[in-house]
1. Restricting the search to the stretch 241-266, which residues are of a type in the set (Val, Ile, Thr) and open to solvent by less than 10 Å² (accessible area, probe 1.4 Å)?
2. For the stretch 279-305, name all the residues that are in contact (Cβ under 8 Å) with a residue 12 or more places away in the chain and touching a helix residue (DSSP H, G or I) at 6+ places or on another chain (Cβ under 7 Å).
3. Determine, yes or no, whether residue 110 is more than 20 Å from residue 231 (Cβ to Cβ), open to solvent by less than 40 Å² (accessible area, probe 1.4 Å), polar (S, T, N, Q) and at pLDDT 95 or above.
4. Scan the stretch 200-223 and report the pairs whose first residue is under 27 Å from residue 171 (Cβ atoms) and whose second residue is surrounded by 14 or more Cβ atoms within 10 Å (Cβ to Cβ) and of a type in the set (Lys, Arg), with Cβ atoms within less than 8 Å and a gap of 6+ or a chain change.
5. Can you name the number of the only condition in (1) charged (D, E, K, R); (2) under 23 Å from residue 90 (Cα atoms); (3) under 21 Å from the mean Cα position of the chain (by Cα) that residue 126 fails?
6. Out of all the residues in the stretch 224-249, which are acidic (Asp, Glu) and within 17 Å of residue 171 (Cα to Cα)?
7. How many residues, within the stretch 73-95, are buried (at least 23 other Cβ atoms within 10 Å of the Cβ) and under 21 Å from the mean Cα position of the chain (by Cα)?
8. Mind checking which residues of the stretch 283-321 are hydrophobic (A, V, I, L, M, F, W, C) and open to solvent by 10 Å² or more (accessible area, probe 1.4 Å)?
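The values are calculated or read from the model by the stated rules, or taken from the named source; none is laboratory data. These numbers were taken from a predicted model, which means no experiment stands behind them. Because the Cβ atoms are built from the backbone with ideal geometry, glycine has one as well, and the counts that use them run over all protein chains shown. All accessible areas refer to the heavy atoms of the entire protein, side chains included, with ligands and DNA or RNA removed. Shrake-Rupley method; radii C 1.70, N 1.55, O 1.52, S 1.80 Å.
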Amino acid sequence: MIRTRKLTFVALAAATAVTLASCSSSGGRQDSGDDGGAAAGVADTERMTIAMVTHAAPGDTFWDIVRSGAEDAAAKDNVDLNYQGAPEAADQVNLVQSAIDSGVDGIAVTLAKADALAPAVQAATEAGIPVVAFNGGFGEWQETGALGYFGQDEEIAGEAAGERLNEEGAQHSLCVIQEQGHVGLEARCRGLDNTFGGTSEILYVTGTDMPSVQQSITSKLQQDPTIDRVVTLGAPFALTAVQSVGEAGSSATVATFDTNPELISAIQNGDVEWAIDQQPYLQGYLAVDSLWLYNTNGNTIGGGQATLTGPSFIDSTNVDRVAEFAAGGTR
């Protein structure tokens, strides 16, 4: 059993995507009707601007799903969304400060490097700008003064992975971390080690250099043929690990955290055993929608606790159903 903590878990059905005809330059899709008013299903509240700052690395398709959710919420809520991503903490701080200086109505931010981002979040709240955290910073968001958090407890997710490996009879796992110092990624591997009964190792790779990632995993598998599970922490790295397994002539199987459409296909064809899904679409959607609710009605979500969007497993038993949503860019 996955151990529990005193948290708020929201079991939400997939939010209804609002399909509109055009996109604003900053991400929020606008109605193209000729009547000048809001289309059916779009809020008629005063237009506001929300900044979303993530630690997205270039080419990481996980963030496309997050952005899709954020844009759908922005379209529904009559919000001008300014989405920006940068992998370096210093750049994220600068993006948050720019949002403060421009006088946005709300900021949604990932706190993968929470220590670096905390002063910027506090500066925003002191300026009267509401802030919510999502995806990264599960253990730190309350200290920053953010209104809420939308994501998963990464250590619990890691523990679920470790328990799953035990059930499968795995003996030696390799947990691949693509960004050293990222609190969420470190927590995933720590959680796996907490519950896994076999040998667990961590391999640090440079996530922005995929050829190097492939070479590092291949080399490790060649050095140690006892490794029977490679657990990656993002869909692109799982797909690369599949190539490494073949190149190394290893019998290891690949499992991962997080998804994208290509990863869903890899589960369908058996290249990847399973994925832990934290519902990134829902994280982006709730982050924007919660700020709209706070600004228009004073609502907060979670009762002072994190609102969990995962973990759940995607495997051969449910992947075909998930594939239907992945085709639309929401899983």
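1. Once the filter is applied, which keeps residues that are of a type in the set (Val, Ile, Thr) and open to solvent by less than 10 Å² (accessible area, probe 1.4 Å), the stretch 241-266 yields 254, 256, 259, 264.
2. Residues satisfying the conditions are 280, 281, 282, 283, 284, 285, 287, 288, 289, 292, 300, 301.
3. Here the answer is yes, as residue 110 does meet what is asked.
4. Pairs found: 203/220.
5. Status for residue 126: all satisfied but (3).
6. Result: 224, 228.
7. Total satisfying the criteria: 5.
8. Residues satisfying the conditions are 286, 292, 293, 301, 308, 313.
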